[in-house]
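One structure is given below, encoded as structure tokens.
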Amino acid sequence: MTDENGGKENKTLSTTGKNLDTSKSIEKAVDKFKRENLLFSPSVDGGVYTIEIVLNRPELATQICNQYIHYADEIIRTDAVLESRRRLDLLTQRIGAQQLPEVRGALATLLAQEARTLALTSGTTSYAFKIIDVATIPYNKASPQRALICLLGFISGIILASIFIVVRDNVK
């Protein structure tokens, strides 16, 4: 779409009379989600990461966590495929331009290795990450800890009542 000035129209979202750029709003929302709800924890020996998503709806958190891993893996795999194809094109060009048979043979070997890498990368569903345990809905809530809150409230109530009685008796 174009506006009267012939320029491209900006996609905006109107919220309480303010115009917000949609892409910036989405970027801010994703950044806020990452800061407040997404936790990465590396293992002590390295190589294994735990990803936690903390939300009020455990079913949604489970779904987001599983999709997040698959999406990240797909992005890394796609980048690797594109890079491998770029290398294949470069090697093919170099082989065509090369006159020396020894160099052509070495380039052909590199080309075969790169073709094998591309086939393995393209053919796998799990490229960068090996999922040890998929996200599942937790049995127990992480927060709030209602029993602890009730216990602390009961204890502080007894202490405050005791202080009140002691102060009241000493004032008379």
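A short reminder: the numbers here are calculations on the coordinates, not readings from a lab. Source: prediction; values computed, not measured. Glycine also receives a Cβ, built like all others from the backbone with ideal geometry; neighbour counts cover every protein chain displayed.
What to note about this one:
- Within the chain, longest stretch clear of exposed GluC sites (Glu not before Pro) (DSSP loop, no more than 15 other Cβ within 10 Å): 10-172
- Here is what passes the span test in the chain: the DSSP H helices with alpha carbon length of 18 Å or more along the helix axis and a Kyte-Doolittle mean of 1.0 or above are 146-171.
- Only Lys, Arg, Asp and Glu carry charge here, each on its Cβ (+1 for the first two, -1 for the last two); on that basis the chain has a dipole of about 400 debye about its Cα centre.
- The simple Förster model, with R0 at 45 Å and r as the Cβ-Cβ distance, assigns Glu59 and Glu102 a FRET efficiency of 0.15.
- log₁₀ of I(q)/I(0) at q = 0.11 Å⁻¹ - the chain, Debye sum with one point per alpha carbon: -0.86
- Calculated FRET efficiency for the pair Leu88/Lys28, C-beta based, R₀ 45 Å, to 0.05: 0.70
- Here the simple spin-label model places points 7 Å from the Cα toward Cβ, and for Val166 and Ile137 these points are separated by 4.9 nm.
- Across the chain, Cα pairs under 8 Å and at least six residues apart give a relative contact order of 15 percent.
- Spherically averaged projected area of the convex hull of Cα atoms, the range 56-136: 6.1 nm².
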